[in-house]
Amino acid sequence: MKEDLLGAGNKLLAVFAHPDDETFICGGTLAKYAAAGAEITLISATRGEMGRRMGNPPYLNRETIAAAREEELREACRHLGVAHLHFLDIRDKTVEFIEEAELTARIETYIREIEPDAVLTFHEQWGGHPDHCAIGRATRIAYEQSGCQSGLYYISYGNMMAAPERYGYTRNDVVKIDVSGQFQAKLAAFRAHRCQSELDAWVWLPDAEAIAQFGKHEYFVRH
Ligand SMILES: [Zn+2]
């Protein structure tokens, strides 16, 4: 397995669906590259305003949650070192219904402007949520249309890609990032997403106990 996404480059673009995707799935990787000097841009399709978690005890409602989650994401980006954040202003849970050509054109514009050295997104089949699959598919098409050759990578969940053969990939397709030096930043970002992470008691244990829940590696699959 390879152990690097960027090579000699320093611009990383991540395109996800909701505030917290970046932290919960690959916060360690983003923090690691940021700490090494990479310029990271995050695009979030939505503000996650249809999330069922409203704080614990609940303190948000459907009207206030979008602004709260945007602010949480901004704070998480500060902890991770993500330099640029853009929203596509799509309503949560509707990404799959946006006209695909329009969505891909918008993402393609970002790719052409940023000229990233690596692009991260969801796999369109095993993204796990319709918004994830839809933004992953649009990003894959946008990447191909842009002519960008630098590298498109799909996030994976937990240790699923420790055994890539089960998903039709080989070890050569997988990038394995050791994030053990970034646990503190990742934990801070988890806690920044308070209205989502508050219901997970382990996040609020003493730091060492919470960090013990994190996997040492985050895995990506090359398109
Ligand atoms: Zn999500």
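A few notes on this one:
- Selected residue (criterion: nearest to residue 105 (Cα to Cα)) from residues of the range 9-33 that are within 16 Å of the ligand (Cβ to nearest atom) and surrounded by fewer than 24 Cβ atoms within 10 Å (Cβ to Cβ): 25
- Residues within the range 90-128 that are within 12 Å of the ligand (Cβ to nearest atom), more than 13 Å from the chain's Cα centre (by Cα) and at negative phi, tallied: 2
- Failed item in (1) part of a loop (DSSP other than H, G, I, E, B); (2) within 15 Å of the ligand (Cβ to nearest atom), with residue 56 passing the rest: (2)
- Verdict on residue 47 being loosely packed, with under 15 Cβ neighbours inside 10 Å and among the basic types (Lys, Arg): no
- Leading residue by the ranking (surrounded by the most Cβ atoms within 10 Å (Cβ to Cβ)) among those in the range 181-213 that are in contact (Cβ under 8 Å) with a residue 40 or more places away in the chain and more than 23 Å from residue 71 (Cβ to Cβ): 183
- Taking residues in the range 115-130 that are in contact (Cβ under 8 Å) with a residue 12 or more places away in the chain and among the hydroxyl-bearing types (Ser, Thr, Tyr), and partners anywhere that are within 13 Å of the ligand (Cβ to nearest atom) and in a strand (DSSP E or B), the pairs with Cβ atoms closer than 8 Å and at least 6 places apart or on different chains are 121/14; 121/15; 121/16; 121/155.
- Checking each residue in the range 152-168 for being assigned to a strand (DSSP E or B) and either surrounded by fewer than 18 Cβ atoms within 10 Å (Cβ to Cβ) or touching a helix residue (DSSP H, G or I) at 6+ places or on another chain (Cβ under 8 Å) (or both) picks out 152, 154, 155.
- A residue that is among the aromatic types (Phe, Trp, Tyr) and part of a loop (DSSP other than H, G, I, E, B) occurs somewhere in the range 114-134.
- Residues located in the range 119-151, provided they are out of contact with any Asp or Glu (no Cβ under 6 Å at 6 or more places or on another chain), under 24 Å from residue 33 (Cα atoms) and surrounded by 24 or more Cβ atoms within 10 Å (Cβ to Cβ): 119, 120, 121, 122, 132, 135, 139, 143
- Flag not set for residue 87, criterion: within 23 Å of residue 184 (Cα to Cα), within 16 Å of the ligand (Cβ to nearest atom) and either modelled with pLDDT of 95 or more or of a type in the set (Gly, Ala, Ser) (or both).
- The set of residues from the range 201-223 being more than 17 Å from residue 76 (Cα to Cα), over 18 Å from the mean Cα position of the chain (by Cα) and not aliphatic (A, V, I, L, M) comprises 202, 206, 209, 213.
The values are calculated or read from the model by the stated rules, or taken from the named source; none is laboratory data. For clarity, every value in this text was computed on a predicted model and none was experimentally measured. No Cβ is skipped: glycine too gets one built from the backbone with ideal geometry, and neighbour counts run over all protein chains shown.
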